[in-house]
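Below: the structure, in structure tokens.
The values are calculated or read from the model by the stated rules, or taken from the named source; none is laboratory data. Given the structure is predicted, the values throughout are model-derived calculations rather than measurements. All Cβ positions, glycine included, derive from the backbone under ideal geometry; neighbour counts span all protein chains shown.
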Amino acid sequence: MKLLIVTIDDFPHQGGKSSHISSLISGFKKMNVEYDVFSGNYINVNEFKMLKLLVYPIKFFSLKKYLYLRKNIQLYLFRKELKKYIKNKEYDTISFQDAITCGYCGDLFDKSFLTMHTYFGIEYTLDNSGFTLNDKLYNKLLNQELKSLLYAKSIICVDDRIKKHVEEIVKKENKKIKVFEISNFTDTEIFKPSLKQNEFYNIGCIRRLVEKNGVIYAVKAMKYLKNCNCILNIYGDGPCMEEINAYIEKNKLNDIVKLHGGVDNSKISEIYKECDVVLVPSITVNGLQEATSISAIESMACGIPTIASNIGGLKMLIKDGITGFLVDEKEPEQIAEKIKLLMKNSDTYKKISENCRNFIVENHSHLSAAKDYYNIFKGDINEKSSNNDLS
């Protein structure tokens with residue numbers, strides 16, 4: 001099999017989708033699957049800047065129209081470069097990682113598969129505050145995503161909630177498309193336990209700074225930990241940076257909260273090795289909840305007790321008090337209480353550390369996921385299969 005993985009995002013970049021692709025590739029390498037990756041990196045940067053400049057004045061009259069036009073420019077240039085890239089190449093299978101690129105470019109290929117990392121249409125409401133779910137231009141982008149149903153042979157979803165959502169859409173659109181679930185996973189040979197000796201209790205939060213990731217609540221938890229000899233290290237960048245910085249300054253948390261900005265994916269496993277505990281304080285936004293979080297999977301694979309919000313796919317990963325801790329969303333005091341518990345009770349820490357590592361190796365390994373993807377690409381699995389019984 002010769003495989004082409006397609007994503008409009010840059011690759012690699014900071015974020016769960018990039019981690020997903022990297023771990024999948026690692027698994028495919030073990031299976032000697034031949035692959036290429038075509039990503040947003042191939043877009044001509046100067047051409048993109050020039051075309052964006054032409055529509056930029058529209059931003060002052062209608063932010064929504066500007067965002068819509070900018071996305072369409074990106075898609076136009078992406079398709080243009082993709083057509084050039086595949087001109088003298090032949091692929092057996094195309095794995096689209098974004099619904100919108102599958103909808104825009106799916107007609108270029110005979111055998112395409114789509115991985116859904118979130119719900120149809122939701123992605124554009126998170127980082128672009130100009131859009132709402134009822135906007136006409138937003139719905140035009142949604143319809144562009146739904147065009148992927150014309151081209152995708154099968155759709156693979158990263159958790160059960162997304163699978164149910166996709167199945168509802170497929171039924172509503174009267175399409176006959178196989179829908180699978182392969183929960184998120186990680187490279188358990190890279191993300192693994194290590195010994196650490198920290199001067200301070202190192203609390204890690206490795207997340208993009210967008211609203212749904214709830215990083216502000218990790219910061220707020222530190223108000224209750226001022227005298228506990230611990231430090232919160234935040235690795236990530238995004239539109240919530242200003243809000244987080246302002247809260248740190250206002251509450252005089254500069255000594256115990258450190259913002260490191262975005263980091264390369266290649267460095268994340270080393271960052272985890274320094275963490276005593278990891279926070280995944282996600283919140284519900286626009287009806288969207290965290291899937292089977294790659295951030296949580298990575299930290300758990302490293303044997304690090306993880307404290308996460310009791311929502312979405314996080315509830316599928318963490319059994320409270322056994323493979324980690326679950327807290328109510330937007331409740332920083334509960335986060336602080338669980339951190340104190342782990343700091344004071346070494347036996348509890350050790351038990352959770354062992355349990356979470358074993359759980360990820362058994363259920364969310366990159367090797368088993370790559371095999372499942374390969375079998376789907378080959379047509380060896382039916383749509384009723386789930387992540388737990390694929391073989």
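Exactly one residue out of Lys196, Lys176 is over 30 Å from Lys340 (Cβ atoms) and of a type in the set (Lys, Arg): that is Lys176. Against the numbered list (1) surrounded by 21 or more Cβ atoms within 10 Å (Cβ to Cβ); (2) under 30 Å from Leu314 (Cα atoms), Ser154 comes up short only at (1). Of the residues that make up the stretch 150-172, is at least one within 25 Å of Cys302 (Cβ to Cβ), modelled with pLDDT under 95 and part of a strand (DSSP E or B)? Among the residues of the stretch 150-172, not one is within 25 Å of Cys302 (Cβ to Cβ), modelled with pLDDT under 95 and part of a strand (DSSP E or B), which makes the answer no. Among residues of the stretch 260-285 being touching a helix residue (DSSP H, G or I) at 6+ places or on another chain (Cβ under 7 Å) and more than 24 Å from Arg357 (Cβ to Cβ), the one that is modelled with the lowest pLDDT is Val285. Among the residues of the stretch 351-386, those that are exposed (fewer than 15 other Cβ atoms within 10 Å of the Cβ) and modelled with pLDDT of 95 or more comprise Glu354, Asn358. May I ask you to say which residue of Ser18, Ser23, Ser39 is at pLDDT below 95, within 24 Å of Ala152 (Cβ to Cβ) and in contact with a Ser or Thr (Cβ under 6 Å, 6 or more places away or on another chain)? Result of the check over Ser18, Ser23, Ser39: Ser23.
Checked against (1) at pLDDT below 95; (2) closer than 18 Å to Lys178 by Cα, Asn88 meets all criteria but (2).
Restricting to the stretch 23-58, give me the number of residues that are surrounded by 12 or more Cβ atoms within 10 Å (Cβ to Cβ) and assigned to a loop (DSSP other than H, G, I, E, B). Qualifying residue count for the region: 5. Within the stretch 73-91, the set of residues being part of a helix (DSSP H, G or I) and over 23 Å from the mean Cα position of the chain (by Cα) comprises Ile73, Tyr76, Leu77, Arg79, Lys80, Glu81, Leu82, Lys83, Lys84, Tyr85.
Among the strands (runs of 3 or more DSSP E) lying completely within the stretch 227-308, list those that include at least 1 residues that are free of Cβ contacts under 8 Å to residues at least 40 places away in the same chain, buried (at least 17 other Cβ atoms within 10 Å of the Cβ) and assigned by TED's automatic domain parsing to the domain that holds Lys344.
So the answer is 230-235, 257-259.
All told, Ser365 meets the bar of being closer than 22 Å to Ser23 by Cα, small (Gly, Ala, Ser), in contact (Cβ under 8 Å) with a residue 40 or more places away in the chain and in contact with a helix residue (DSSP H, G or I) (Cβ under 9 Å, 6 or more places away or on another chain).
Applying the set (1) within 23 Å of the chain's Cα centre (by Cα); (2) part of a helix (DSSP H, G or I); (3) under 23 Å from Gly40 (Cα atoms) to Leu137 leaves exactly one unmet item: (1).
Inspect all residues belonging to the stretch 92-100 and state whether any of them is over 22 Å from the mean Cα position of the chain (by Cα), closer than 30 Å to Asn363 by Cβ and in contact (Cβ under 8 Å) with a residue 40 or more places away in the chain. Within the stretch 92-100, one or more residues are over 22 Å from the mean Cα position of the chain (by Cα), closer than 30 Å to Asn363 by Cβ and in contact (Cβ under 8 Å) with a residue 40 or more places away in the chain. Do the conditions hold for Leu317, that is, is it surrounded by fewer than 16 Cβ atoms within 10 Å (Cβ to Cβ) and aliphatic (A, V, I, L, M)? Against the criterion (surrounded by fewer than 16 Cβ atoms within 10 Å (Cβ to Cβ) and aliphatic (A, V, I, L, M)), Leu317 does not qualify. Screening Phe131, Phe109, Phe120 for residues that are under 22 Å from the mean Cα position of the chain (by Cα), modelled with pLDDT of 90 or more and aromatic (Phe, Trp, Tyr) leaves exactly one candidate, Phe120. Being assigned to a loop (DSSP other than H, G, I, E, B) and of a type outside the set (A, V, I, L, M) is the filter; apply it to the stretch 1-22 and report the residue that is surrounded by the fewest Cβ atoms within 10 Å (Cβ to Cβ). Filtering first and then ranking leaves Asp10.
This table checks each residue for (1) of a type in the set (Gly, Ala, Ser); (2) out of contact with any strand residue (DSSP E or B) (no Cβ under 7 Å at 6 or more places or on another chain).
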{"position": "Met241", "(1), (2)": "no, yes"}
{"position": "Lys250", "(1), (2)": "no, yes"}
{"position": "Val263", "(1), (2)": "no, no"}
{"position": "Lys273", "(1), (2)": "no, yes"}
{"position": "Leu279", "(1), (2)": "no, no"}
{"position": "Gly287", "(1), (2)": "yes, yes"}
{"position": "Ala291", "(1), (2)": "yes, yes"}
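Among the residues in the stretch 337-347, are any outside any helix (DSSP H, G or I) and without any contact (Cβ under 8 Å) to a residue 60 or more places away in the chain? Checked the stretch 337-347: at least one residue is outside any helix (DSSP H, G or I) and without any contact (Cβ under 8 Å) to a residue 60 or more places away in the chain.
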